[in-house]
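Single-structure report; data block below.
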2 protein chains.
Amino acid sequence: MTTIDIPEGSLFGIDNLPYGVFEADGAAPRVGVRVADTVVDLAATLGDDVFAQPSLNPFMAQGKARWDEVRSRIVELVQGDLPAEALHAVSDVTMRLPFDVADYVDFYASENHATNLGKLFRPDSAPLMPNWKHLPVGYHGRSSTVIVSGVDVVRPCGQRKLPGDDAPTYGPSVRLDIEAEMGFVVGVPSPLGSPIAPDEFAEHVFGAVIVNDWSARDIQAWEYVPLGPFLGKSFATSVSPWVVPLAALDAARVATPVQDPTPLPYLQGEQKWGLDIDLAVEWNGDVVTRPPYAGMYWSPAQMLAHTTINGAASSTGDLFASGTISGPEKDQRGAFIELTWGGKEPVEVAAEQRTFLEDGDEIAISATAPGASGGRIGFGEVRSRILPATETGR
Amino acid sequence: MTTIDIPEGSLFGIDNLPYGVFEADGAAPRVGVRVADTVVDLAATLGDDVFAQPSLNPFMAQGKARWDEVRSRIVELVQGDLPAEALHAVSDVTMRLPFDVADYVDFYASENHATNLGKLFRPDSAPLMPNWKHLPVGYHGRSSTVIVSGVDVVRPCGQRKLPGDDAPTYGPSVRLDIEAEMGFVVGVPSPLGSPIAPDEFAEHVFGAVIVNDWSARDIQAWEYVPLGPFLGKSFATSVSPWVVPLAALDAARVATPVQDPTPLPYLQGEQKWGLDIDLAVEWNGDVVTRPPYAGMYWSPAQMLAHTTINGAASSTGDLFASGTISGPEKDQRGAFIELTWGGKEPVEVAAEQRTFLEDGDEIAISATAPGASGGRIGFGEVRSRILPATETGR
């Protein structure tokens, strides 16, 4: 038997306890919880087969009472002795996609981001559309291309019309970009015809991950009218491997910015679901921007309420992401198209002037939030490398 | 033992043999094939557990060689004697959703429809966007709300801004509409980074269904800029229960209309994948429109090639739909917003003047195509009733 050493200031102390799916020692993937730099094998310690699965979905489907019970048991367990064979060093395991993605929805909930993109994509009209302050604008993305941190991203090819060209051409994206976002994972499904009110958020949502919503701006700009983004986004969406349970985010809950005009009643709730999460985006080792989640106009509880208000069902494994998080300052913008203002204002990255992503670049987005005991908790990171395009369509 | 009587002119003769998932006699749902008015239990007749499943996905994943082999065996079997307990009258079974939907994509491939919608939604600009003739415009929809024929559709509530209103309001959609479409179901998946060329279509796509892509026009018009349709579509998408295998559509294959400008090479193929399918839309018993699939500008092979050209993976159970099918004539328009020109030109339905859907309305979309032996084959129908809204968000 052995105990887990939790160093002072660890982002993965007992205030956090995020869940993930790991592979170690050639065994099948299974659910673990992270404590400091240790992964605890939950099937081995709790003796419950719901954790001997390659996905969090079966556990997430069990509901909040069960999530709370397991969290309490883990808090007790990890403060005592544990069988050594149930513990793995984080550095010794391979993390897998933590859940099977059902429907994936991406929102557009940062006023700064929506304003900046409006100016860049539609310079001749008002940057915010008339609907933007009345509802959380969102769209469905591609579930099958949600990948986990560590999986390389191949530069997408596709159709784009470059400035000065008369006609569109096929080729690798020349404006490949990131979007730093937070994502929320549904545990308890809702059937057709049962909207989830904002104050029912915690009964349905299991936890949160960091999302990098890769975006090929040239493909997107050409394709997106009138039905929205498609190929410009659908090649890859990366998520961090550790799902931070909602219960760990209690101390991070804040009010959203004042919403004016007042949203319709179905978007109103008593509970605060703004989240004081600080993100940092590292580009080839340099932190280039620090997007603050606390300033997001729409809360994730409002996003889920909106998604289901028409009677749409939700499923265990539904992932919905916030949209790019951008603060008011330049060095808080969560996408490079904003940070470099459409490529016109390069930023310095590892002593080079850079605009969009080049092959070989490595991006790591990390995030932390206040924890229950006064310290901070971590989401870990979503880290990915850009590989050159493989052109198959010429 | 017994034989199946196939009447002269049956739309479900041995040229067709569509697959579905049925429930009969209180047994678990399983895969059947339809022959005339009989459902043949495939697990019982072929003795293969891949058919003793509540979904076509395991069979669809087995690939084209296997699909061809099973089709040949069924042709032999149904012309001989079959055990009576493996046969059920169509009227005695309940049909289930035939496949588990992975990603759902909806296209916009009818030039007449896109032109009509452009005029109605954006009267002050050119109806076709500059990209429309260069790529099949599409977007992701909600997989979890794909339902089968026979499941009622509850009128969705949501946010919409009605003409003359200063601000949006919440309430039941007042412009509920249909979209008559064909949908295509992927059997053999493709991994990340492996685009499916147009001429590889038949290696991946298992078959086709009729789709009714319900649309709340008031919700859609308010929400859809700039990221496309979301709540206006995501409450329900209905499909017909019988998946007609691609092999049954050989005689229906035609060239698409001339595509000018010539599409980029990744959208070109040697094979013809236009489809001569005739649809009919029945509104409370009256056929109000007959959309012809043969006129669709983009072929389903081009849709799949486009979806994957950026390296996006595809999965067994992916469903992609054509978008509304509208011919050049008024009585060939596949959505009521076009048929009634935004509600300004009512049509006569069961002796009433009608524009959009009212509670209690029943819609049935059917489709037929030429079969291999000179007759016609049927897709059956997707039939649904509109129930009143249940307002939960006030």
To the nearest Å², the heavy-atom accessible area per residue of segment B:1-129 with 1.4 Å probe amounts to 43
Unit charges on C-beta of K, R, D, E only; dipole of segment B:19-96, Debye:
380
Evaluate the relative contact order of chain B (contact order divided by residue number), counting alpha-carbon pairs under 8 angstrom at least 6 apart; express in whole percent.
22
Reduction of at least 10 Å² in accessible surface, 1.4 Å probe, comparing all protein chains with the chain by itself, residues of segment B:185-227
B:LEU192, B:GLY193, B:PRO195, B:TRP222, B:GLU223, B:TYR224, B:VAL225, B:PRO226, B:LEU227
Along Cα-to-Cβ, 7 Å out, sits the label point; list in nm, shortest first, how far the one on A:GLY374 is from those in the other copies.
9.1
Relative contact order as a percentage, segment B:1-140, C-alpha pairs under 8 Å and 6+ apart, gives 25
7 Å along Cα→Cβ, label-point gaps from B:GLU69 to other copies, nm, shortest first
4.7
What is the magnitude of the charge dipole of chain B about its Cα centre, with +1 placed on the Cβ of each Lys and Arg, -1 on the Cβ of each Asp and Glu, and no other charges, expressed in debye to the nearest 20?
980
Could you work out what % of the accessible surface of the protein assembly as shown is carbon and sulfur, using a 1.4 angstrom probe and leaving DNA, RNA and ligands out of the count?
48
Sorted from shortest, what are the nm distances separating the label point of A:ASP276 from equivalent points in the other copies, each placed 7 Å from Cα along Cα to C-beta?
7.0
Which value, in Å² and to the nearest 10, is the accessible area of B:LYS133 when all protein chains are kept and the probe is 1.4 Å?
60
In nanometres, the difference between 0.36 nm per residue of separation and the alpha-carbon distance of B:THR3 and B:LEU128 is 39.6 nm
Provide the descending list of Cα extents for the protein assembly as shown along its principal axes, expressed in whole angstroms.
82, 62, 53
Based solely on its DSSP helices, what 222 nm [θ] is calculated for chain B when runs of n ≥ 4 H residues each add -39,500 (n - 2.57) and the sum is averaged over all residues, nearest 500 deg cm²/dmol?
-4000 deg cm²/dmol
For segment A:320-394 and segment B:29-64, what is the separation of their C-alpha centers, rounded to whole Å?
48
Segment B:90-134 and segment B:7-26 have their Cα centres apart by a whole-number Å value of 27
Could you let me know the centre-to-centre spacing of segment B:145-201 and segment B:258-307, using Cα atoms, in angstrom?
18
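Roughly how big is the protein assembly as shown's charge dipole about its Cα centre, with Cβ charges of +1 (Lys, Arg) and -1 (Asp, Glu), in debye to the nearest 20?
That gives the protein assembly as shown a dipole magnitude of about 1360 debye.
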Enter the mean number of other protein chain beta carbons within 10 Å of the beta carbon of each residue in B:133-139, as an integer.
6
Tell me which of B:VAL40, B:TYR19, B:ASN57 sits at the most positive position along the dipole axis of segment B:1-61, charges placed on C-beta atoms (Lys, Arg +1; Asp, Glu -1).
B:ASN57
For the pair B:ASP92 and A:GLU358, how long in nm is the line joining their label points, each one 7 Å along Cα→Cβ?
7.2
Interface area, A with B, accessible, probe 1.4 Å, both sides summed, Å² nearest 100:
5200
Give the ranking of A:LYS233, B:LYS330 by solvent-accessible surface, highest area first, calculated with a 1.4 Å probe.
B:LYS330, A:LYS233
Solvent accessible area, Å² - A:ASP359, 1.4 Å probe, full protein context:
80
Ordering A:ASP218, B:ASP25, B:ASP199 from largest to smallest accessible area (1.4 angstrom probe), what's the sequence?
B:ASP25, B:ASP199, A:ASP218
How big is the Rg/Rh ratio for segment A:92-132, C-alpha atoms only, Rh by Kirkwood, two decimals?
1.30
How large are Rg and Dmax for segment B:1-79 when calculated on the C-alpha trace, in angstrom?
12.3, 34
Share of Cα-Cα pairs in segment B:169-228 beyond 16 Å, in percent?
64
Could you name the lysines in cross-link range of A:LYS330, using Cα to Cα under 23 Å and dropping any fewer than eight places away on the same chain?
A:LYS119, A:LYS133, A:LYS344
For the rotation that brings chain B onto chain A, whose beta-carbon in chain B is nearest the axis, and what is that distance in whole angstrom?
B:GLY228, 1
Let me check I have the definition right: for chain A, take the eigenvalues of the Cα gyration tensor, multiply each by 5, take square roots. What are those semi-axes in whole Å, largest first?
34, 25, 20
Name the residue from A:THR145, A:VAL281, A:LEU357 whose Cα lies farthest towards the positive end of the charge dipole of segment A:104-387, charges +1 on Cβ of Lys and Arg and -1 on Cβ of Asp and Glu.
A:THR145
Relative intensity, log₁₀ I(q)/I(0), of segment A:283-394 from a Debye sum that treats every alpha carbon as a point, q = 0.09, 0.14, 0.19 Å⁻¹:
-0.36, -0.81, -1.14
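The values are calculated or read from the model by the stated rules, or taken from the named source; none is laboratory data. None of the values given here were measured: they were computed from a predicted structure. We place every Cβ from the backbone using ideal geometry, glycine too, and count neighbours over all the protein chains shown. Each accessible area value is taken on the protein alone, full model and side chains, heavy atoms only, with ligands, DNA and RNA left out. Shrake-Rupley method; radii C 1.70, N 1.55, O 1.52, S 1.80 Å.
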